[in-house]
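Chemist: Just dropping this structure here.
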Amino acid sequence: MSGEKNRDYYSILEVNQQAGQDEIKKAYRKKALQYHPDRNPDNPQAEEKFKEATEAYSVLSDPEKRAVYDQYGFEGLQRQGGGASYSDFSSVFNDFGDIFGSFFGDAFGFGQTRRSRSRKGDDLWVEVSLTLEEAAQGVEREISLHRKESCDLCGGSGVEKGHSKERCPSCGGSGEMRTSQGFFTFSRTCPHCSGQGEINRHPCRGCQGKGYAYKDKSLKVKIPPGVDEGMKVRLEREGEPGTGGAPRGDLYVGIKVKAHKRFQRQESDLFLEMEISPSQAALGTRIGVPTLLGDPVDLSVPAGTQGGALFKIKGQGMPHLRRDGRGLLLVKVKVKTPSDLTEEEKNLYQKLAELRGEAVGNSDKDGLFSKVKSIFN
Ligand SMILES: [Zn+2]
Ligand SMILES: [Zn+2]
């Protein structure tokens with residue numbers, strides 16, 4: 001705590017003495033948002049500023065106190081009976097609803113003590129590995145979890161049969177301890193009951209009072225058609241149990257998709273390479289293109305197709321995840337040069353080359369290779 005407190009309320013809120021209530025409210029909102037402890041964890045300076053601003057607001061927002069303060073200063077307020085007390089603050093904090101709207105919710109926690117009592121359970125994460133076919137069709141998977149389950153002996157209460165929890169004598173059941181210091185009332189979690197407000201003097205032997213035990217649990221997960229690597233499916237309320245009646249956390253199922261030996265995937269499109277011969281490329285052909293899930297489909301390759309040409313087949317890609325239909329099947333045509341020609345085939349190629357005036361053959365009988373070499377020497 002700093003020794004000398006700033007009690008120049010107008011300068012704290014950065015308003016002038018003529019400021020109206022709206023302006024004061026607005027100025028306070030700005031300061032409180034800036035210095036709120038939830039936004040400045042472990043920052044004593046910010047906490048001090050927050051308290052200063054709150055004190056300034058509690059005085060300046062009250063016309064009677066403001067009048068006294070304007071005339072006699074802080075000493076005047078003190079003479080009037082200690083300035084602000086906790087009950088004055090509750091009225092300030094009751095104002096928070098309209099000052100902050102839902103911005104902080106009840107995060108201020110003043111006057112209310114629900115903070116540490118109930119908390120949603122932690123989320124859990126598991127991974128499933130799918131083949132590309134499974135990702136395309138959707139699949140139901142059984143997954144096993146090792147998670148906290150309610151104790152069978154006590155039904156989750158953590159208390160031995162025939163007993164019940166007792167109200168904490170230290171905090172009277174509120175779960176927190178209050179101390180007053182000048183203007184402020186501080187609250188901290190009750191150390192005797194850890195904020196629970198109750199004490200368990202007869203902990204269940206099955207769970208040592210925890211109310212849960214780790215158990216193996218299996219769950220069926222429906223994975224929709226069209227999922228992709230890195231996506232996750234959320235199962236609500238299948239995570240770890242919450243405390244104090246709060247719901248379980250969620251379970252996230254992370255998706256892995258194994259590489260396919262034939263198809264590559266790009267979002268909802270599939271990609272495939274098909275080989276054709278130079279004659280097929282030149283004259284055109286029809287080829288049967290395999291699909292991921294069904295029978296092969298016919299693809300008509302026109303005469304004069306170049307190596308690397310890409311053909312699109314509609315409706316044979318992966319299913320779209322959020323709408324009907326499927327992506328494309330993209331077929332890249334690769335022209336495969338034969339390397340196993342028979343004598344007869346060689347002669348035909350030779351003939352073809354002659355007809356087109358193309359130089360063929362790479363034996364060096366014409367001394368062509370040595371000529372080429374000599375250029376570079
Ligand atoms: Zn207590
Ligand atoms: Zn138990």
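The values are calculated or read from the model by the stated rules, or taken from the named source; none is laboratory data. It should be emphasised that the depicted structure is a prediction, and the values quoted were computed from it without experimental measurement. Cβ: placed from backbone, ideal geometry, glycine included. Neighbour counts: every protein chain shown. Each accessible area value is taken on the protein alone, full model and side chains, heavy atoms only, with ligands, DNA and RNA left out. Shrake-Rupley method; radii C 1.70, N 1.55, O 1.52, S 1.80 Å.
Chemist: Could you tell me whether any residue of the range 298-315 is within 24 Å of A259 (Cβ to Cβ) and not in a strand (DSSP E or B)?
Modeler: Yes; the residues of the range 298-315 include at least one that is within 24 Å of A259 (Cβ to Cβ) and not in a strand (DSSP E or B).
Chemist: Going by the structure shown, is T179 more than 16 Å from ligand 1 (Cβ to nearest atom), over 33 Å from the mean Cα position of the chain (by Cα) and of a type in the set (S, T, Y)?
Modeler: No, not satisfied.
Chemist: Further question: Any residue in the range 139-151 that's closer than 12 Å to I223 by Cα: show its pairings with residues that are surrounded by 16 or more Cβ atoms within 10 Å (Cβ to Cβ) and of a type in the set (A, V, I, L, M, F, W, C) at Cβ separation under 6 Å, as long as the two are six or more apart or on different chains.
Modeler: From the range 139-151, the pairs are V139/I223; R141/V128; R141/V221; I143/V126; I143/V221.
Chemist: Shifting gears a bit: I'd like to check which helices (runs of 4 or more DSSP H) are fully inside the range 1-63 and have at least 1 residues that are at pLDDT below 85 and surrounded by fewer than 16 Cβ atoms within 10 Å (Cβ to Cβ).
Modeler: 21-35, 44-60
Chemist: Taking E149 as meeting all but one of (1) modelled with pLDDT under 80; (2) within 16 Å of ligand 2 (Cβ to nearest atom), write down the number of the exception.
Modeler: (1)
Chemist: If you don't mind, another one. Could you give me the residue pairs with C-beta distances under 6 Å whose first residue belongs to the range 181-193 and is touching a residue at least 40 places away in the same chain (Cβ under 8 Å) and open to solvent by less than 80 Å² (accessible area, probe 1.4 Å), whose second residue is more than 16 Å from ligand 2 (Cβ to nearest atom) and assigned to a strand (DSSP E or B) wherever it lies, and which are 6+ apart or on separate chains?
Modeler: Pairs that qualify, where the first residue is touching a residue at least 40 places away in the same chain (Cβ under 8 Å) and open to solvent by less than 80 Å² (accessible area, probe 1.4 Å) and the partner is more than 16 Å from ligand 2 (Cβ to nearest atom) and assigned to a strand (DSSP E or B), are T185/R178; S187/E176; S187/R178; T189/E176.
Chemist: Restricting attention to the range 152-167, and to residues there that are closer than 21 Å to G242 by Cβ and more than 10 Å from ligand 2 (Cβ to nearest atom), which single residue is surrounded by the most Cβ atoms within 10 Å (Cβ to Cβ)?
Modeler: My answer is K165.
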